[in-house]
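Novice: Below is the structure I would like to discuss, written out as structure tokens.
The values are calculated or read from the model by the stated rules, or taken from the named source; none is laboratory data. All of these numbers come straight from a predicted model, not from anything done at the bench. Please note: Cβ atoms are built from the backbone with ideal geometry, for glycine as well, and neighbour counts cover all protein chains shown.
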Amino acid sequence: MTALAWTDALQLQHEELDRTHEEFVQLLNEVEAALPDQPWDAFQRLLAHTEAHFAMEEGWMQQLGFEPENCHSRQHTMVLELMREVGTRYQAGEHEPLERLVPALAEWFPQHAEMMDAALVFTLQQQGAAA
Ligand SMILES: [Fe+2]
Ligand SMILES: [Fe+2]
């Protein structure tokens, strides 16, 4: 089963970010495919990728002069904290939070991309940076 499909609607017309987002969707689907028995390695890849993905966006925000504690960054922080917590619980033998995280991320991601990331791309393009 596929947790989330990569569609044109998710494209933000920013090559690097679109490639990163497509990889995120692919890695999320790999976690889904590995459930319920073997999701750990795929989850580690998704977590590492998400850390780099968010750090890339944070770097752009910094270049653009965003406040470090802005709403977009706070959402990244919350998602990473949740993912790390779910990983800790998985390793402690609690598997259900990871099973619930996959559909939650599949629901969260399109909203985040269409609102937060799209606004970031718009600002980057307005300022002619990294577009
Ligand atoms: Fe993003
Ligand atoms: Fe973002």
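Novice: From the residues in segment 85-131 that are in a loop (DSSP other than H, G, I, E, B) and under 23 Å from L64 (Cβ atoms), which one is modelled with the lowest pLDDT?
Specialist: In this case the residue turns out to be A131.
Novice: Okay, moving on. Could you grab me the full set of residues in segment 47-101 that are in contact with a Pro (Cβ under 7 Å, 6 or more places away or on another chain) and of a type in the set (A, V, I, L, M)?
Specialist: The answer is V86, L98.
Novice: Is there any pair with a first residue in segment 13-28 that is touching a residue at least 12 places away in the same chain (Cβ under 8 Å) and a second that is within 13 Å of ligand 2 (Cβ to nearest atom) and of a type in the set (V, I, T) whose Cβ atoms are under 8 Å apart and which are 6 or more apart or on different chains, and what are they?
Specialist: Sorted first by the residue in segment 13-28, then by its partner, the pairs are Q13/V121; H14/V121; L17/V121; F24/T50.
Novice: Restricting to segment 59-84, name every residue that is within 12 Å of ligand 2 (Cβ to nearest atom), outside any loop (DSSP other than H, G, I, E, B) and polar (S, T, N, Q).
Specialist: S73, Q75, T77
Novice: Looking only at segment 85-112, count every residue that is within 14 Å of ligand 2 (Cβ to nearest atom) and closer than 17 Å to N29 by Cα and tell me the total.
Specialist: 4
Novice: Oh, and also: Restricting segment 72-96 to residues that are touching a helix residue (DSSP H, G or I) at 6+ places or on another chain (Cβ under 9 Å) and closer than 16 Å to M56 by Cα, which is surrounded by the fewest Cβ atoms within 10 Å (Cβ to Cβ)?
Specialist: T77
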